[in-house]
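A quick write-up on the structure given underneath.
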Amino acid sequence: MAFAFTAAERAMIDQIPSSELDELAAELEIVLPATVDRHDLLRRILPAMLERIAEEGLPLSRFNKTDLEELSSLELDALGHMAGHKGRVTPDALIRTCKKACRHYRRNRPRSTMVLILPLLLAPLVRAASASDLA
């Protein structure tokens, strides 16, 4: 079964400039075909983002607090699990857990497109992680 985006996510994805999606794909070493549907591209990008997060951590900072507050408690718990957070997950606690990953990205990937696009994709990323755990 293919991963599906909600109508709100599809509308948000349509607002992301193609150049940023192309940069993100290149950063994650995803080979782009000559023509690609942006939603299909994001379906390929999400698993690669999950791999990067598993290797280098979840780069969320205090600037992402509003995005985290919009998530359900289940989505927050899933992000906390991905970030290696122990205990009750709140936006502030998750941000504290993610500080090390943020420092890593600032030092090693200062122009990372993933850090810029990640807040827009938090809910789809959580669902993709859940789908990959079930598979």
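The values are calculated or read from the model by the stated rules, or taken from the named source; none is laboratory data. Keep in mind that this is a model prediction, so the values were computed, not measured. As a convention, Cβ positions derive from the backbone with ideal geometry for all residues, glycine included, and neighbour counts pool all protein chains shown.
What to note about this one:
- Test for Ser61: is it over 12 Å from the mean Cα position of the chain (by Cα), of a type outside the set (Lys, Arg), surrounded by 15 or more Cβ atoms within 10 Å (Cβ to Cβ) and under 15 Å from Met114 (Cα atoms): yes
- When we screen Glu20, Glu55 for residues that are among the charged types (D, E, K, R), in contact (Cβ under 8 Å) with a residue 60 or more places away in the chain and over 15 Å from Ala123 (Cβ atoms), the only hit is Glu20.
- For Lys86, the criteria (1) loosely packed, with under 11 Cβ neighbours inside 10 Å; (2) within 23 Å of Ser130 (Cα to Cα); (3) among the charged types (D, E, K, R); (4) touching a residue at least 24 places away in the same chain (Cβ under 8 Å) hold in every case but one, which is (4).
- Restricting attention to segment 13-59, the residues that are of a type in the set (A, V, I, L, M), out of contact with any helix residue (DSSP H, G or I) (no Cβ under 6 Å at 6 or more places or on another chain) and not in a helix (DSSP H, G or I) add up to 4.
- Lone unmet requirement of (1) free of Cβ contacts under 8 Å to residues at least 24 places away in the same chain; (2) in contact with a helix residue (DSSP H, G or I) (Cβ under 9 Å, 6 or more places away or on another chain); (3) among the hydrophobic types (A, V, I, L, M, F, W, C) for Ala123: (1)
- Condition check for Pro124: touching an Asp or Glu at 6+ places or on another chain (Cβ under 7 Å), crowded, with 18+ Cβ neighbours inside 10 Å and not hydroxyl-bearing (Ser, Thr, Tyr): yes
- Residues of segment 60-75 that turn out to be at pLDDT 90 or above and assigned to a helix (DSSP H, G or I), as a count: 8
- Qualifying residue in segment 12-25 (condition: within 21 Å of Ala129 (Cα to Cα), in contact with a Pro (Cβ under 7 Å, 6 or more places away or on another chain) and surrounded by 10 or more Cβ atoms within 10 Å (Cβ to Cβ)): no
- Looking only at segment 27-37, residues that are over 17 Å from Leu116 (Cα atoms) and surrounded by 15 or more Cβ atoms within 10 Å (Cβ to Cβ) come to 2 in all.
- Residues of segment 80-132 classified as among the small types (Gly, Ala, Ser), part of a loop (DSSP other than H, G, I, E, B) and under 24 Å from Ile16 (Cα atoms), total: 1
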